[in-house]
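Here, each number is a calculation from the coordinates, and none is a lab measurement. Note that the structure is a prediction, hence the values are computed from the model and not measured.
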């Protein structure tokens, strides 16, 4: 079928989890994966260093209950991306 937004990539429009090499993890609707980073829309970010909740626990809760769209747009720089997973696959 294909996407209506050519050049946006296979993950465009899908809610994804972007784990970082640091203490943060982000969840949002993928706009584009570029050489500069992953662009997420309607996103939320969790910092495990600033919370008693682990990254894994936060992701599991979001998978069951959804996430809060606290940021209209964020960019996770490529050099900080450890993994990208579809939230539906969690």
Original post:
residue 61 to residue 85: extension gain in nm, 0.36 nm per residue of separation minus the Cα-Cα distance?
Top reply: 7.1 nm
**OP:** Working from Cα positions, state the angle (0 to 90°, nearest 10) between the long axis of helix 55-65 and the longest principal axis of the chain.
**Re:** 60 degrees
**OP:** Evaluate the relative contact order of the chain (contact order divided by residue number), counting alpha-carbon pairs under 8 angstrom at least 6 apart; express in whole percent.
**Re:** 34 percent
**OP:** Using a 10 angstrom cutoff on alpha carbons, build the Gaussian network for the chain and name the most mobile of 42, 52, 19.
**Re:** 52
Subject >> Directionally averaged shadow of the chain, computed from the convex hull of its alpha-carbon atoms, nm² >> reply: 6.0 nm²
